[in-house]
1. Once the piece of chain linking ARG96 and ALA83 is laid out straight, how much longer is it, given 0.36 nm per residue of separation minus the C-alpha distance between them?
2. Find the all-direction average of the projected area of the Cα convex hull for the chain, expressing the result in square nanometres with one decimal place.
3. Once fully extended, how much extra length lies between ARG137 and ARG108, figured as 0.36 nm per residue of separation less the alpha-carbon to alpha-carbon distance?
4. Give the Cα extents of segment 1-40 along the principal axes, in whole Å, largest first.
5. Determine the calculated [θ] at 222 nm for the chain from helices alone, applying -39500 (n - 2.57) to every DSSP H run no shorter than 4 residues and normalising by the residue count; nearest 500 deg cm²/dmol.
6. Once the dipole of the chain is set up with Lys and Arg at +1 and Asp and Glu at -1 on Cβ about the Cα centre, which of ALA83, ALA26, GLY144 lies farthest towards its positive end?
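Just so it is clear, none of the values below were taken in a lab; they were calculated from the coordinates. Everything numeric in this text was worked out from a predicted model, so none of it was measured. Reconstructed Cβ throughout: ideal geometry from the backbone, glycine too, with neighbour counts over all protein chains shown.
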Amino acid sequence: MQPITWSKFRIYDVKDSDLDGSPARAFPHVPGALYKAVNGGIKEPACQVNFEDFLPGPAIDWFMSHDEVHYVTSGEAEIVAFAPPLHKEETRVVARAGSVYLLPRGLRVTWRVLGDKPFRHLCICFPDPGYPTPLARSVVQQEGR
């Protein structure tokens, strides 16, 4: 039996400047797709919180191996989701500033950024999937890391 691993209390003040100065990186397994991401200092066993931009370009396909909740702060994206177990049930929506949505484990999902602005969102992952996301500049300055 595994012992319980406890998470610590953390807080992140979301700052656009954390992403504005971050370099764009290639999205894994999607040629030509770019994104920006920073970790908000919340990287605990129960949860990882990242602030992300998906940049205009090719659609981004992903398979959810954990649960995520996204809160959109700016931009727009068409999201097409295929529910498990057979991935035949399709949902198609447009998410924009103020939208919040759940990406449950097992979901197949595609984002297509609409327009010429990044699709900026706060990404809350349950449990911590271990994404190698650099700490946000504001967190580094605040905590002296």
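1. Working: separation 13, 0.36 × 13 = 4.68 nm, distance 2.14 nm.
Once the chain is fully extended between ARG96 and ALA83, it gains 2.5 nm.
2. 9.9
3. Values: separation 29, 0.36 × 29 = 10.44 nm, distance 3.16 nm.
Length gained, ARG137 through ARG108: 7.3 nm.
4. 44, 28, 9
5. Details: 2 runs with 12 residues, N = 145.
Counting only the DSSP helices, I get -2000 deg cm²/dmol.
6. Checking the options against the dipole of the chain, the answer is GLY144.
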